[in-house]
Structures are given as C-alpha cells and as structure tokens.
Amino acid sequence: MNIHTDMGDPPGITVPDKRGKTVEVCLFHPADRGPLLRFYEDFQPKNDAQGLPPSHPIRIRQWINSILAGGLHLIARRDGELIGHAFVVPTDEPGIGEYAIFLREDTRGFGVGTALNRIAVDAARDMGWQGLWLTVEPKNRSAVRSYENAGFRFVRKTVFWRDAEMRLDLQQQTKT
Ligand SMILES: CC(C)(COP(=O)(O)OP(=O)(O)OC[C@H]1O[C@@H](n2cnc3c(N)ncnc32)[C@H](O)[C@@H]1OP(=O)(O)O)[C@@H](O)C(=O)NCCC(=O)NCCS
C-alpha cells in the first residue's frame, strides 16, 4: 500500500484497525507540528521506549525540532485526531534511515502499528532509502512483532542486551 511521496498535498491512505475503526495515514504537513507536539505532551508512558518520548515539554520541542529537520514523517489520524507518528531519520550511514513509531495508548494492540510500519516501509523505499535500522527492547513484544510484520529482522540479540537492533534491506525486500 503506497502513500504518494512526491511534493504537494497528497491524499492519505485509510486503513481499518481490528475494531473496524478507520485510521488515515498522511505525510507530515507543517500544519501538523502543533498537534504533534500536543500528541507527545499527552503521550503515556513517557521515557519508555529507549527514553522516548521525553517527559518535559521543552525537551519534547527540542526532540521534535531535531527529528522534523529531515527524513520521512507519517501522521496517523482517527476521527480527525492525531493518534500516531512514524518516522525515518537519516543516520551517518548513507541511504540508511533510523525508524521509530509511537501510537496513542488507547489505539495500541489493534493492528495500527503493523499497518503504519508497512506504509512507512513502502514510502521509504519509494523515496529511495536503501535500508532501515532501529533499536528496540526485546521485551517490547508488540513493537518487535509489529516490526517483524513489516519485514524487520534482528541483527544480533543476546539475553544480556537491553536494546536489540533490527534492520530491513529495502532493496531486497519485496512489498509487505
Ligand atoms: C509499538 C507499537 C507501535 C505497536 O503498535 P500496535 O498497534 O500496538 O501493534 P499491533 O496491534 O500491530 O500488534 C503487533 C503484534 O504485537 C502483538 N501485540 C499487540 N499488543 C501486544 C502486547 N501488549 N503484548 C504482546 N503482544 C502484543 C499483536 O498480537 C501483533 O502480533 P501478531 O501480528 O503476531 O498478531 C505501539 O504499541 C506503541 O506505540 N507503543 C508505545 C511506543 C513504542 O514502544 N514504540 C516503539 C519504540 S521501539
């Protein structure tokens, strides 16, 4: 399922969650900045995914400013409210982006994360990214499964690691 990744004001993609509620996924638009800040200010629990999102509003603003400076950002909405953000930001490895996703607490566990990951992967490939990379705590089962559903695989994992690394080669992987 592909979102239009060219410039302009592209239409979003709609996907049903497991309860039949419709979720709309769009590319980030500058008008989304305010709602995105409020989304992360209200986000619970804070600091839970490798210390993200930050807990203090000033730190949230700094973090958002830094990640919005580049990459690919997708916004998910339900009933007109911003309920999710998935993004790919550049790394120091050419063509490789770091991926992350955050959903509002009451919308988790209904397939939205998996759907948004798949849309983000297809959009990243369309934009010319060669691969995606992320870190995740193996105990974050819904995150790990949602990433695996979209094609990510563990690079290395030992029981001694708090964070594990997952990667996805966008050139080899076929659409999810
Ligand atoms: C991680 C996150 C994006 C996953 O999205 P989601 O919509 O909740 O996940 P999905 O409903 O698509 O479920 C994905 C898989 O996890 C399973 N799952 C969902 N909730 C689960 C839970 N609480 N415990 C174990 N497995 C769970 C689902 O059954 C599904 O597995 P399956 O495909 O084998 O059936 C979302 O939970 C979230 O935003 N969490 C907080 C932020 C976060 O941790 N981000 C990741 C940072 S690395």
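Values in this text are rule-based calculations from the coordinates and carry no lab data. A quick note: this is a predicted structure, and the numbers were derived from the prediction, not measured. Cβ placement follows ideal geometry from the backbone for every residue including glycine, while neighbour counts extend to all protein chains displayed.
The local environment of VAL15, defined by Cβ-Cβ distances under 13 Å, has a net charge of +3 under the rule Lys, Arg +1 and Asp, Glu -1. Sorted into 10 angstrom bins from 0, the C-alpha pair distances of the chain split as 10, 40, 40, 10, 0 percent. In a reduced charge model with +1 at each Lys and Arg Cβ and -1 at each Asp and Glu Cβ, the chain shows a dipole moment near 560 debye about its Cα centre.
Residue separation of SER55 and ASN2 scaled by 0.36 nm, minus their Cα-Cα distance, works out to 15.8 nm of gained length.
Averaging 1/r across all pairs of distinct Cα atoms in the range 53-94 and inverting the result yields a Kirkwood radius of 11.8 Å.
Close amide H contacts of LEU170 (hydrogens built in the peptide plane, cut-off under 5 Å, sequence separation of 5 or more or a different chain): GLY131, LEU132.
Ordering GLY84, ILE13, SER142 by the projection of their Cα atoms onto the charge dipole of the range 1-148, which places +1 on the Cβ of Lys and Arg and -1 on the Cβ of Asp and Glu, puts SER142 at the extreme positive end. Residues within the reach of a label modelled at MET127 (point 7 angstrom out along Cα to beta-carbon, backbone nitrogen below 17 Å), restricted to the range 65-94, are 65-77, 84-94. Residues of the range 70-114 falling in the label zone of GLN172, defined by backbone nitrogen less than 20 Å from a point 7 Å along Cα to beta-carbon, are 93-99. Label positions at ASN140 and ASP92, each projected 7 Å from the Cα along the C-beta direction, are separated by 2.3 nm.
By definition, a body whose alpha carbon gyration tensor gives a ≥ b ≥ c is oblate when a/c is 1.5 or more and a/b is not larger than b/c, and the range 44-134 fits this oblate description. Contact order normalised by length for the range 13-169, with contacts defined as Cα pairs under 8 Å and 6 or more residues apart; what percent is it? That works out to 18 percent.
Using the rule -39500 (n - 2.57) for each DSSP H run of four or more residues, divided by the residues of the chain, the 222 nm mean residue ellipticity is -8000 deg cm²/dmol.
Sparse packing (at most 16 other Cβ atoms within 10 Å of the Cβ) combined with a DSSP loop state is found for the following trypsin sites (Lys or Arg not before Pro) in the range 5-74: LYS18, ARG19, LYS21.
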